[in-house]
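Undergrad: Structure incoming, see below.
The values are calculated or read from the model by the stated rules, or taken from the named source; none is laboratory data. All figures in this text were calculated on a predicted structure; none of them were measured in a lab. We place every Cβ from the backbone using ideal geometry, glycine too, and count neighbours over all the protein chains shown.
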Amino acid sequence: MVNALLDGPEVDAEVSWDVRWNHPMGRTKIRDVQNGFEGDFVQNMAQIAWAGMTDTATFVSDPAATSVNEFSLLAHERNGVFFS
């Protein structure tokens, strides 16, 4: 964090995620005109696998099927100048 805040040296990297959303458990829609906010939220299950690479290193997660879902929320929100 300190390196980023002080604009320290950086390393180019590439990261990819494979997220699988399934088993919707509930949907909530919120519209708050007074505070200029609205959202559509879907609680569900998700599994994820990821990989990251630099010129000198590669990091790979375990397969998505081995992930344990604690909480997953897929959302679409609008606020500020995007709220209407």
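Undergrad: May I ask you to list the residues in segment 11-30 that are in contact with a Phe, Trp or Tyr (Cβ under 8 Å, 6 or more places away or on another chain), farther than 18 Å from ASN69 by Cα and either of a type in the set (Asp, Glu) or without any contact (Cβ under 8 Å) to a residue 12 or more places away in the chain (or both)?
TA: Scanning segment 11-30 gives a single hit, ILE30.
Undergrad: Same structure again: Against the definition (over 24 Å from ARG78 (Cβ atoms) and either free of Cβ contacts under 8 Å to residues at least 12 places away in the same chain or surrounded by 12 or more Cβ atoms within 10 Å (Cβ to Cβ) (or both)), how does GLY8 come out, yes or no?
TA: yes
Undergrad: Tell me, which residue of segment 1-50 that is within 30 Å of GLY80 (Cβ to Cβ) and touching a helix residue (DSSP H, G or I) at 6+ places or on another chain (Cβ under 7 Å) is modelled with the lowest pLDDT?
TA: It comes out as GLY36.
Undergrad: Only residues that are within 18 Å of the chain's Cα centre (by Cα), over 17 Å from HIS23 (Cβ atoms), surrounded by 13 or more Cβ atoms within 10 Å (Cβ to Cβ) and of a type outside the set (S, T, N, Q): list them for segment 42-70, please.
TA: ALA49, TRP50, ALA51, GLY52
Undergrad: Still on this structure, I have one more. Would you check which residues across segment 38-83 are farther than 28 Å from MET25 by Cα and of a type in the set (Ser, Thr, Tyr) and list them?
TA: Result: THR54, THR56, THR58.
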